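A short worksheet on the structure shown next.
The values are calculated or read from the model by the stated rules, or taken from the named source; none is laboratory data. Quantities reported herein were computed from a predicted structural model and do not represent experimental measurements. Cβ coordinates were reconstructed from backbone atoms using ideal geometry, including for glycine residues, and neighbour counts include every protein chain displayed. Side chains included, ligands, DNA and RNA excluded: accessible areas come from the protein's heavy atoms. Shrake-Rupley method; radii C 1.70, N 1.55, O 1.52, S 1.80 Å.
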Amino acid sequence: MRSAGRVAAKVLADLCRAVGPGISTRELDELAAVRIREFGGRSAFLGYRGYPCHACISVNDEVVHGLAGGRRLRFGDIVSIDVGVIFEGYIGDNARTVAVGGCDVETQRLLDVTEAALYRGVAAAIAGNRVTDISRAVQTLVERERFSVVREFVGHGVGRAMHEDPQIPNYVDPNCRQLLEPGMTLAIEPMVNAGGADVRVLKDGWTAVTMDGSWSAHFEHTVLVTNHLPEILTREA
Ligand code: MF3
Ligand code: CO
């Protein structure tokens, strides 16, 4: 899981470095394919329930599961990049949202709050805590900042399979209060909308967008629960 996490982190970092005005989402996806192959891994997303791309690339009001294509990124856009890699039988899963060149102050606040919410969630991934402690940490910060948490998609256990138990909602769900134990590996991934929480899926069957057209950010790490502090596995070093 450490190796898989490291590879996923390196690929994500490469894609984020390649983001700039004029690049197409397809070019980013091709870079994902090349880099994952160079590291000796495979995309965990390609072919998953028929998903047709190597990475999930979601622009502006697209929340998650965007499909790469001919769209070219423009200065001021934001792009969420989600990379899942299978490496030696284990999966690392991580995501981040970056501005294309730059963005306005309120959009930057959306990115900062979503990233901070991820780290609040990670900090709550302590043995003896429950999934609800992660959920509450994320939700509290996001809503205090007057943004909203997406309900339809959740974090998850991750290991040899991409989606394992437990589910990790980014809002407190009393049905999801599993006890956290050392050795569990979790993908914690807040998806945060600048406007309302509601999302819908486009006719392509994949791309989730905000119902109100507001922009959305997504940050994710794969994390190991230990006897002490949580260990972030999707780190480059
Ligand atoms: N990080 C997302 C998840 O864990 C990505 C899944 S995309 C899919 O659920 F295409 F593979 F479905
Ligand atoms: Co995930």
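Odds and ends about this structure:
- Lone qualifier among 130, 146 - being open to solvent by 50 Å² or more (accessible area, probe 1.4 Å), among the basic types (Lys, Arg) and on the phi < 0 side of the Ramachandran plot: 130
- Set side by side, the residues 40, 20 differ, and just one is away from ligand 2 (no atom under 16 Å from the Cβ) and under 26 Å from residue 215 (Cβ atoms), which is 20.
- The single condition among (1) surrounded by fewer than 22 Cβ atoms within 10 Å (Cβ to Cβ); (2) out of contact with any Lys or Arg (no Cβ under 7 Å at 6 or more places or on another chain) that residue 100 does not satisfy is (2).
- Residues within the range 63-97 that are within 22 Å of residue 147 (Cα to Cα), open to solvent by 10 Å² or more (accessible area, probe 1.4 Å) and away from ligand 2 (no atom under 16 Å from the Cβ), tallied: 2
- Among the strands (runs of 3 or more DSSP E) confined to the range 131-237, the ones with at least 1 residues that are more than 27 Å from residue 3 (Cβ to Cβ), touching a strand residue (DSSP E or B) at 6+ places or on another chain (Cβ under 7 Å) and away from ligand 2 (no atom under 16 Å from the Cβ) are located at 191-193, 199-201, 208-210.
- Of all the listed residues (37, 26, 2, 6), the sole one being more than 14 Å from ligand 1 (Cβ to nearest atom), under 17 Å from the mean Cα position of the chain (by Cα) and open to solvent by 30 Å² or more (accessible area, probe 1.4 Å) is 6.
- Cross-chain or 6+ apart pairs with Cβ under 6 Å, the range 156-177 first and open to solvent by 10 Å² or more (accessible area, probe 1.4 Å), then assigned to a strand (DSSP E or B) and more than 15 Å from ligand 2 (Cβ to nearest atom): 171/149; 177/130
- Subset of the range 206-221 (residues that are open to solvent by 10 Å² or more (accessible area, probe 1.4 Å) and either without any contact (Cβ under 8 Å) to a residue 12 or more places away in the chain or more than 14 Å from ligand 1 (Cβ to nearest atom) (or both)): 211, 212, 213, 214, 215
- Residue 233 aliphatic (A, V, I, L, M), open to solvent by 70 Å² or more (accessible area, probe 1.4 Å), touching a Gly at 6+ places or on another chain (Cβ under 8 Å) and more than 20 Å from residue 71 (Cβ to Cβ): no
- Answer from 109, 49, 120 - the residue that is open to solvent by 60 Å² or more (accessible area, probe 1.4 Å), at positive phi and not aromatic (Phe, Trp, Tyr): 49
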